[in-house]
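Beneath this line is the structure, given in structure tokens, with notes to follow.
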Amino acid sequence: MYLNISEEAKQKLMPYAKNNAVIVLDLDDGVGRYSKMGVCSLDTSFRILLLDQAQDRSDFNATVESDLGTIYIKDYSHRYLDKEMTLAVDPRLQVLKLNSSSGILDGNVPIVDLRGK
């Protein structure tokens, strides 16, 4: 599995990804120490989490390679992802969207910086 990250998405992520931040593509399903609650809808919701190297990432026990290096995920979130995924910026709304050749998986992927928390 590979996550292509568009140039525009890289520009959005780079200010956050300084100082060896750990990048996580989190399936926001209410499971794990960084989820406050799951999404109560039929939508699949993802978030980009930024963690310090020392922060617990035991909930994210699988990885995906990307244009920015290794990204951590929950192992069971593979079932929602295609072999080739793309993280890009929606030109109209300027938010990150996660898609594949099958279509848009999540049209608004927020960036949540949890470093130092």
Which of the following residues is within 15 Å of the chain's Cα centre (by Cα), assigned to a loop (DSSP other than H, G, I, E, B) and small (Gly, Ala, Ser): Gly107, Gly32, Gly116? Gly32
Starting from segment 102-117, take each residue that is touching a residue at least 12 places away in the same chain (Cβ under 8 Å) and list its partners that are among the basic types (Lys, Arg) and not in a strand (DSSP E or B), counting only C-beta distances under 9 angstrom and pairs at least six apart or across chains. Ile111/Lys12
So for segment 29-41 (the condition being within 20 Å of Ser102 (Cβ to Cβ) and at pLDDT 95 or above), does at least one residue qualify? no
Might you check whether a residue that is modelled with pLDDT of 90 or more, at positive phi and loosely packed, with under 14 Cβ neighbours inside 10 Å occurs anywhere in segment 2-19? no
Filtering segment 79-91 down to residues that are surrounded by fewer than 15 Cβ atoms within 10 Å (Cβ to Cβ), over 16 Å from Glu7 (Cα atoms) and not acidic (Asp, Glu) yields Arg79, Lys83
Segment 92-109, residues that are surrounded by fewer than 19 Cβ atoms within 10 Å (Cβ to Cβ) and among the aliphatic types (A, V, I, L, M): Leu93, Val95, Ile104
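If you check Ala54 against the conditions, is it of a type in the set (Gly, Ala, Ser) and either free of Cβ contacts under 8 Å to residues at least 24 places away in the same chain or part of a loop (DSSP other than H, G, I, E, B) (or both)?
Against the criterion (of a type in the set (Gly, Ala, Ser) and either free of Cβ contacts under 8 Å to residues at least 24 places away in the same chain or part of a loop (DSSP other than H, G, I, E, B) (or both)), Ala54 qualifies.
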Considering only segment 62-77, I want to know if a residue exists there that is acidic (Asp, Glu) and surrounded by fewer than 11 Cβ atoms within 10 Å (Cβ to Cβ). no
Can you tell me which residue is modelled with the lowest pLDDT among those in segment 42-54 that are surrounded by fewer than 18 Cβ atoms within 10 Å (Cβ to Cβ) and not small (Gly, Ala, Ser)? Leu42
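The values are calculated or read from the model by the stated rules, or taken from the named source; none is laboratory data. Keep in mind it's a predicted model, so treat the numbers as computed, not measured. Cβ: placed from backbone, ideal geometry, glycine included. Neighbour counts: every protein chain shown.
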